[in-house]
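The values are calculated or read from the model by the stated rules, or taken from the named source; none is laboratory data. Computed from a predicted structure; not experimentally measured. Cβ atoms come from the backbone with ideal geometry, glycine included; neighbour counts cover every protein chain shown. In case anyone asks, the SASA skips ligands and DNA or RNA and just uses the protein heavy atoms, side chains included. Shrake-Rupley method; radii C 1.70, N 1.55, O 1.52, S 1.80 Å.
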Amino acid sequence: MNLIDETAKTLLKVDERQIVLAVDVLHDVWAKKGMVFTCGNGGNSATASHLASDLRKWSSSFTLKTICLNDNAPLLTAIANDDGFDEIYQKQLLGFSESLEDVVVAFSVHGGEGRSENILNLFRKAKENGRRRISFTGHDGGDLKRLSTVNINVPSESTPIIEGLHSVLAHIVAEELGKRIEIDTKGRSENIL
């Protein structure tokens, strides 16, 4: 089977209900003026950064606040140097997140199984502090799936397929959220007049 066929078949196995739930959570965060924190390791750090940008851009006049926790290299390396790489995300969440309306979104190919302790620590701290957690995972979802409020899992063992579909699914989530926010915003402006 070629990679295109395998990717298409894998996409059809993704649980669409989890995509809807992710959009619901993010819409609630927007409505309650919460904040979205994204992160990932390796290639997934780029997807996390891209999602943070798209969520902000597509949220009606940039009204959804987003921060990608892996975008600030000086802060990441300072925390890694002083406290260890496993602490780079949870230390930032403690400093930035001020509301129970905030949500953490993470991308992990393996779902933290034997890897990505920094993301697992972030989700443990977010859960302990009452924050909702959305994960995009691969394989069987791993520990990250079990720590998540919502888990969008790409059921594959192939890193290229998982990371590629994470990007596609993140775009779907951002676009669907943008549509819902636009409907809400139009409704509000029409009601004002």
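Structure data summary
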item: Matching residues, the range 41-66, being in contact (Cβ under 8 Å) with a residue 40 or more places away in the chain, open to solvent by 40 Å² or more (accessible area, probe 1.4 Å) and in contact with a Gly (Cβ under 8 Å, 6 or more places away or on another chain); result: TRP58
item: Residues being touching a His at 6+ places or on another chain (Cβ under 7 Å) and open to solvent by less than 10 Å² (accessible area, probe 1.4 Å) - total across the range 139-165; result: 2
item: ILE172 open to solvent by less than 40 Å² (accessible area, probe 1.4 Å), out of contact with any strand residue (DSSP E or B) (no Cβ under 9 Å at 6 or more places or on another chain) and under 16 Å from LEU51 (Cβ atoms); result: no
item: Count of the range 95-127 residues which are basic (Lys, Arg) and either assigned to a loop (DSSP other than H, G, I, E, B) or without any contact (Cβ under 8 Å) to a residue 24 or more places away in the chain (or both); result: 2
item: Per-region count, the range 77-90, residues more than 20 Å from ASN44 (Cβ to Cβ) and either touching a Lys or Arg at 6+ places or on another chain (Cβ under 8 Å) or open to solvent by 60 Å² or more (accessible area, probe 1.4 Å) (or both); result: 3
item: Residue within the range 67-76 that is surrounded by fewer than 19 Cβ atoms within 10 Å (Cβ to Cβ), closer than 16 Å to VAL173 by Cβ and not aromatic (Phe, Trp, Tyr) present; result: no
item: Filter result for THR77 (among the β-branched types (Val, Ile, Thr), out of contact with any strand residue (DSSP E or B) (no Cβ under 8 Å at 6 or more places or on another chain) and in contact (Cβ under 8 Å) with a residue 24 or more places away in the chain); result: no
item: Search result, residues across the range 103-116 that are of a type in the set (D, E, K, R) and in contact with a helix residue (DSSP H, G or I) (Cβ under 7 Å, 6 or more places away or on another chain); result: GLU113
item: Hits in the range 91-128 - residues which are touching an Asp or Glu at 6+ places or on another chain (Cβ under 7 Å), buried (at least 24 other Cβ atoms within 10 Å of the Cβ) and modelled with pLDDT under 95; result: GLY111, GLY112
item: Among (1) surrounded by fewer than 18 Cβ atoms within 10 Å (Cβ to Cβ); (2) in contact with a His (Cβ under 7 Å, 6 or more places away or on another chain); (3) under 22 Å from ASP28 (Cβ atoms) - the single one PHE136 does not satisfy; result: (1)
item: Top-ranked residue in the range 23-40 [being of a type outside the set (Ser, Thr, Tyr) and touching a strand residue (DSSP E or B) at 6+ places or on another chain (Cβ under 6 Å); ranked as surrounded by the fewest Cβ atoms within 10 Å (Cβ to Cβ)]; result: MET35
item: Some residue of the range 158-165 being part of a strand (DSSP E or B) and within 15 Å of the chain's Cα centre (by Cα); result: no
